[in-house]
Structures are given as C-alpha cells and as structure tokens.
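A short worksheet on the structure shown next.
The values are calculated or read from the model by the stated rules, or taken from the named source; none is laboratory data. All figures in this text were calculated on a predicted structure; none of them were measured in a lab. Glycine gets a Cβ as well: all are built from the backbone with ideal geometry, and neighbour counts include every protein chain shown.
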Amino acid sequence: MKSVEQVQKDIAQHHLPNNTKGNKLATFLYRCTMVGMLMISLCLLYLINDKQSFIELPKQFKKFNFASMQQWIPFDSWFDLREQEVQAVPVYTPIDDYHFTNGSNTVYSVYDGICLHIQSNATGTFSLVLQQDNGVVATYDDLLDVQIKEKERILKGQKIGIYQDAVKIQFLQNQKEISYEKALEETSN
C-alpha cells in the first residue's frame, strides 16, 4: 500500500490543468460584487449620517448631492419616528338614525373614494362629502376638524377628521338613502 506522501506526489505529477478561464471569471465577478456592495454600504452610511447627524463630515462631502439617490430609496420613512396608525377596517356603532360612534373621536373613511366637497357649518362644525368607489355618496357631518382636502383620494380606514360625541353619516345611492351595511358592499346595485 502507498503512503500518504506517495499519493500526494502522484496527484501533484498527474493532476489535470485547472480551468483558469472559469476561475478568473468567477474571481472577477466576485470582486466586482464585493466592490459594488462596498460602494452601496458607503452611500447608505453617508445617507444615514446625513439624516441622523452622528458625526460632522468634512465640507468636501457637502459637495456631493445624493438627493437623486434618495428618490430611489424610501429613506425618509425609515427614520420617521412618529407613531404610525395601524390601518384597520373602521367599525361604527349606530347611536340613533344617522349618528355613529367608533370608540374614539377620530372619523375614518368607511370605503375608498374621493372627497368631493368640504363645508364649514354655522355651528362651527364641518361637513364633507365622499364619492365612494362603489357608487355610494357618503356625507360625514358634525366634524370638529377635517384632515383631508377636496379632490383628495381617500382610502378605506384613512383618518378624515375628528368628532365630539358622535359623527353624523348619511349614505346615498341613486339619490336614495341606504343603510350603513349597504354602503359597505363592494358593488352598487
């Protein structure tokens, strides 16, 4: 039986030539990937420092304009420390004919749509009219504050205002009043 040293010598003498072309290509691609990752990491570090001001960079770095890169990266939302609301389907509990409450003083849209009109009332409250995507027109009344604008696209569950005790909501479809449940249906009849 051959010793380990003899086997190593035989392998060294009879080895096949390496595929140097394939190895060079793999090495080149690996190095390019590493350089690209390093460049991206440096740019992200610069942008993070620019937003958070961890260290003061020399004035030479101020010449570089990374604003165009920030358009591609949603960087402002990454470091937005404000509380963000959880989007949930708004549930209103009827109090009487057209008055509802939802357990808070915030008015949420019950369906996707567009704000058609906002009006200030003589009582110091506001009314707004939303054209829902399902064809229903919803009028929200007795709002203390409105947090949307006319012609603005509104999503289901979006905060649209604030109310005191109850919000008055009326739903119309084909100029006829309909119920809250009917106004939430996907298609208009």
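Just the residues that are among the basic types (Lys, Arg) and either under 14 Å from Ile114 (Cα atoms) or surrounded by 14 or more Cβ atoms within 10 Å (Cβ to Cβ) (or both), please, taken from the stretch 133-179.
Lys149, Lys151, Arg153, Lys156, Lys159, Lys168
Considering each residue of the stretch 137-152, count those that are in a loop (DSSP other than H, G, I, E, B) and on the phi < 0 side of the Ramachandran plot, and give that number.
Selection size over the stretch 137-152: 5.
On the given criteria, is Ala166 closer than 14 Å to Pro94 by Cβ and touching a strand residue (DSSP E or B) at 6+ places or on another chain (Cβ under 7 Å)?
yes
Does Gln164 count as in contact with a helix residue (DSSP H, G or I) (Cβ under 8 Å, 6 or more places away or on another chain) and either assigned by TED's automatic domain parsing to the domain that holds Asn105 or acidic (Asp, Glu) (or both)?
In short, no.
Within the stretch 166-189, which residues are at pLDDT 90 or above and either of a type in the set (Val, Ile, Thr) or under 24 Å from Thr125 (Cα atoms) (or both)?
Ala166, Val167, Lys168, Ile169, Gln170, Phe171, Leu172, Glu177, Ile178
Out of all the residues in the stretch 117-133, which are more than 13 Å from Val146 (Cα to Cα) and touching a strand residue (DSSP E or B) at 6+ places or on another chain (Cβ under 7 Å)?
Gln131, Gln132, Asp133
In the stretch 82-100, what residues are exposed (fewer than 15 other Cβ atoms within 10 Å of the Cβ) and either at pLDDT 60 or above or of a type in the set (S, T, N, Q) (or both)? Lay out the reasoning, then the answer.
Keep residues of the stretch 82-100 that are exposed (fewer than 15 other Cβ atoms within 10 Å of the Cβ), which gives 82-89, 91, 93-97.
Answer for the stretch 82-100, where residues must be exposed (fewer than 15 other Cβ atoms within 10 Å of the Cβ) and either at pLDDT 60 or above or of a type in the set (S, T, N, Q) (or both): Arg82, Glu83, Gln84, Gln87, Ala88, Val89, Val91, Thr93, Pro94, Ile95, Asp96, Asp97.
Would you mention how many residues in the stretch 159-189 are touching a residue at least 60 places away in the same chain (Cβ under 8 Å) and within 14 Å of Ala138 (Cα to Cα)?
Selection size over the stretch 159-189: 7.
Regarding Glu150, is this residue in the same structural domain as Ala138 (by TED's automatic domain parsing), within 21 Å of Asn121 (Cβ to Cβ) and without any contact (Cβ under 8 Å) to a residue 24 or more places away in the chain?
For Glu150, the condition - in the same structural domain as Ala138 (by TED's automatic domain parsing), within 21 Å of Asn121 (Cβ to Cβ) and without any contact (Cβ under 8 Å) to a residue 24 or more places away in the chain - is not met.
Could you list, in sequence order, the residues of the stretch 120-132 that are part of a loop (DSSP other than H, G, I, E, B) and surrounded by fewer than 17 Cβ atoms within 10 Å (Cβ to Cβ)?
Asn121, Ala122, Thr123, Gly124
Go through the stretch 169-189 residue by residue and tally those that are out of contact with any helix residue (DSSP H, G or I) (no Cβ under 8 Å at 6 or more places or on another chain) and closer than 13 Å to Asn102 by Cβ.
Here the count works out to 1.
Could you list all residues from the stretch 49-69 that are at pLDDT below 70, surrounded by 10 or more Cβ atoms within 10 Å (Cβ to Cβ) and not in a helix (DSSP H, G or I)?
Residues satisfying the conditions are Phe64, Phe66.
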